[in-house]
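These notes concern the structure reproduced below.
The values are calculated or read from the model by the stated rules, or taken from the named source; none is laboratory data. Everything quoted here is computed from the prediction, not taken from an experiment. Using ideal geometry, Cβ is built from the backbone for each residue, glycine included, and neighbour counts are taken over all protein chains shown. The area values use the complete protein model at the heavy-atom level, side chains included, leaving out ligands, DNA and RNA. Shrake-Rupley method; radii C 1.70, N 1.55, O 1.52, S 1.80 Å.
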Amino acid sequence: MKNIFILAATVATIATFTPATAADLVFSSWGGTTQDAQKAAWAEKFTEKTGTNVLQDGPTDYGKLKAMVEANAVTWDVVDVEGDYAAQAGKKGLLEKLDFSVIDKSKLDPRFVTDYSVGSFYYSFVIGCNKDAVDACPKTWADLFDAQKFPGMRAFYKWSAPGVIEAALLADGVSPDKLYPLDLDRAFKKLDTIKSDIIWWSGGAQSQQLLASAEAPFGSVWNGRMTALAQSGINVETSWEQNITAADALVVPRGVKNKEAAMQFIALATSAEAQAELAKITGYAPINLDSPKMMDPELAKTLPDAQTASQVNADMNYWAENRDAIGERWYAWQAK
């Protein structure tokens, strides 16, 4: 298998998209090393099994998905989205209900299953650090928010989504079991203390590039991107202290033309074998509960589902209900 964890992969992959024929299936995801892995673990296997060609598109764009559905011009058959968006989009009528006579949900982590979505993979926001670029690496969220003790730029996720607000509150001393409902006033007050020291990353490949170049030698990063950096030879350190979990989800836009093939693709992608293969390549955890037994135990214990001692689970239902209101405030604060 091609090794996708090379330093050049820290630059985002832009999928080359060819218009689909009726016999093709189109999968949209986030690009970079993660989509490369999904192609290898899922798409190529699906083509081998069914003969259906899987075209890659992306990056996922929620505005584009909504516009496709409203115009009855859907060209994406299966889309990888964030878990809270999946919950919201299902309620807004933008998604097809999944066919669980085709997709076996009995072995899937119930945290990541709804009528309209199933988990794609399970990840954690961790504290990543380029050890060669600093004297000491931050170990806790409080450390990451301490610009005097740890001077320099730090990387954080740009978009309004679970992760950064929770990290700010944890850094400010909020107990994990008291996070929700999120105290936005307190979170933004804490974020204000390091706002001038933040470089925002909009995609996982960019976060890798920031750490690898030491433009931002530490920050809040998806754990799989740290795995990729370590595999590329960069001397990095990952702190799992209070790692904040979330999951991507697989959805089918309403009005899709290849609905049956889309359900079959999701069935394969969430099978124990396919989830184990994706986890092996990416460092993200499988959402199929039978996958860990198919993996090297040494690898399995490095994944987010084995880092539960201080783990904090982001509340996807809370975010689904409050995503728009939080987003409005988030982007207004960023623009100040």
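Contact list please: Cβ distance under 9 Å, first residue in segment 309-336 and open to solvent by 40 Å² or more (accessible area, probe 1.4 Å), second residue part of a strand (DSSP E or B), pairs at least six apart or on different chains. As it stands, the answer is ALA309/TRP240; ALA309/GLU241; ASN313/ILE244; ASN313/THR245; ASN313/ALA246; GLN334/TRP200, since those pairs meet every condition given. Whenever a residue of segment 192-214 is in a helix (DSSP H, G or I), its partners that are of a type in the set (D, E, K, R), lying with C-beta atoms within less than 8 angstrom and at least six residues away or across chains, give the pairs ASP197/ARG154; GLY204/ARG225; ALA205/ARG225; SER207/ARG225; GLN208/ARG225; GLN209/GLU215. Among the numbered conditions (1) modelled with pLDDT under 95; (2) surrounded by fewer than 23 Cβ atoms within 10 Å (Cβ to Cβ), the only one that TRP222 does not meet is (2). Test ILE4 against the criterion of being under 22 Å from the mean Cα position of the chain (by Cα), at pLDDT below 95, open to solvent by 60 Å² or more (accessible area, probe 1.4 Å) and β-branched (Val, Ile, Thr), and give yes or no. Considered against the rule, which asks whether it is under 22 Å from the mean Cα position of the chain (by Cα), at pLDDT below 95, open to solvent by 60 Å² or more (accessible area, probe 1.4 Å) and β-branched (Val, Ile, Thr), ILE4 comes out as no. Selection of first residues in segment 118-139 that are under 30 Å from ILE287 (Cβ atoms) and of second residues that are among the small types (Gly, Ala, Ser) and assigned to a strand (DSSP E or B), restricted to Cβ pairs under 6 Å at least 6 apart or on distinct chains, gives the following pairs, ordered by first then second residue: GLY119/ALA247; GLY119/ALA249; SER120/ALA249; TYR122/ALA247; TYR122/ALA285; PHE125/SER220; ILE127/SER239; LYS139/SER239. Considering only segment 64-79, I want to know if a residue exists there that is at pLDDT below 95, crowded, with 18+ Cβ neighbours inside 10 Å and not in a strand (DSSP E or B). No, segment 64-79 contains no residue that is at pLDDT below 95, crowded, with 18+ Cβ neighbours inside 10 Å and not in a strand (DSSP E or B). The residue that is farthest from ASP248 (Cα to Cα), among those in segment 84-113 that are free of Cβ contacts under 8 Å to residues at least 60 places away in the same chain and of a type in the set (S, T, N, Q), is SER101.
The residues of segment 190-213 that are open to solvent by less than 50 Å² (accessible area, probe 1.4 Å) and in contact with a strand residue (DSSP E or B) (Cβ under 9 Å, 6 or more places away or on another chain), listed by number, are LEU191, ILE194, ASP197, ILE198, ILE199, TRP201, GLY204, SER207, GLN208, LEU210, LEU211, ALA212.
Identify the residue in segment 296-312 that is aliphatic (A, V, I, L, M) and part of a loop (DSSP other than H, G, I, E, B) and, among all such residues, is nearest to GLU273 (Cα to Cα). Residue satisfying both the conditions and the ranking: LEU303.
Picking from residues in segment 163-178 that are in contact with a helix residue (DSSP H, G or I) (Cβ under 6 Å, 6 or more places away or on another chain) and open to solvent by less than 10 Å² (accessible area, probe 1.4 Å), the one that is nearest to THR60 (Cα to Cα) is ILE165. Here is the figure for segment 158-176: residues that are under 16 Å from GLY83 (Cβ atoms) and of a type in the set (A, V, I, L, M, F, W, C) total 4.
When you go through ASP143, ASP84, ASP132 one by one, which is the residue that is open to solvent by 60 Å² or more (accessible area, probe 1.4 Å), out of contact with any strand residue (DSSP E or B) (no Cβ under 6 Å at 6 or more places or on another chain), acidic (Asp, Glu) and part of a helix (DSSP H, G or I)? From the options ASP143, ASP84, ASP132, the qualifying one is ASP132. Within the group ALA187, ALA216, which residue is open to solvent by less than 10 Å² (accessible area, probe 1.4 Å), under 18 Å from ARG329 (Cα atoms) and of a type outside the set (Val, Ile, Thr)? Just one listed residue meets the conditions, ALA187.
Candidates ALA262, ALA249, ALA267, ALA274: the one that is touching a residue at least 24 places away in the same chain (Cβ under 8 Å), more than 22 Å from TRP200 (Cα to Cα) and outside any helix (DSSP H, G or I) is ALA249. Scanning segment 115-129 for residues that are in contact with a helix residue (DSSP H, G or I) (Cβ under 6 Å, 6 or more places away or on another chain) and open to solvent by 50 Å² or more (accessible area, probe 1.4 Å) gives a single hit, TYR116.
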